[in-house]
1. For a Förster distance of 41 Å, can you work out the FRET efficiency between the beta-carbons of Thr54 and Asn98, rounded to the nearest 0.05?
2. Consider a paramagnetic label point 7 Å from the Cα of Phe105 along Cα→Cβ; state which residues of segment 137-161 have an amide N under 18 Å from it.
3. Excluding Ala99 itself, what net charge comes from residues whose Cβ is under 15 Å from its Cβ, given Lys and Arg +1 and Asp and Glu -1?
Amino acid sequence: MGKKATERQGRTTERKGEATESPSRPTDGKEGDGKLEQNDRKADVAINEINNYTELEVDYKEIKSGRSITHFEIYWSKGEVISAASANQLNEIYKYLNAIMEDTFKIIGMNDTEKRDKGLNLLTSAKEIEQEIESEEVSASRADFLITNLKNMLAQINILFVEENRKAPQFYNWLEERDE
């Protein structure tokens, strides 16, 4: 029968005294069926997804023998571990967002246009924070930062209300009391 031997560039099969060579990998970019090039593209897609959606940082290097790619070396590192925001942090964020959004009509109804504009800018900023929270996973440190910002926004809105409601000082009319 036949005798099989494996070589670096391909597989040599001997049958009935006849030797034929069938390459298992393309020897350059033009020969072969392009499976290695397809694997290279698949590796790029997979590595990009790993890098984008996990804390791992992955890279690879093509190892060549001559002009042919014979194999890949893969490198990875754990990267920076980012902890997600806790449920308590998210609840606190939503508590402040709800408190700010409850004041929407009070802000719109302010008489002083300058204070109303400041209030509307604060509402817009709060709405952007809400969209950020809903669209992506927030880290614990980012959640702490957002909580601090929301507390400050709520305090600024309350200051606007206090300033809006200040009227001329009420004087005690002692004459009314005297008439009784």
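1. 0.80
2. 161
3. Once all neighbours under 15 Å are counted, the net charge is 0.
Each value in this text was obtained by applying a stated rule to the coordinates, not by laboratory testing. Predicted model only: the values in this text are computed from it and were never measured. For neighbour counting, all protein chains shown are included, and Cβ atoms are generated from backbone atoms with ideal geometry for every residue, glycine included.
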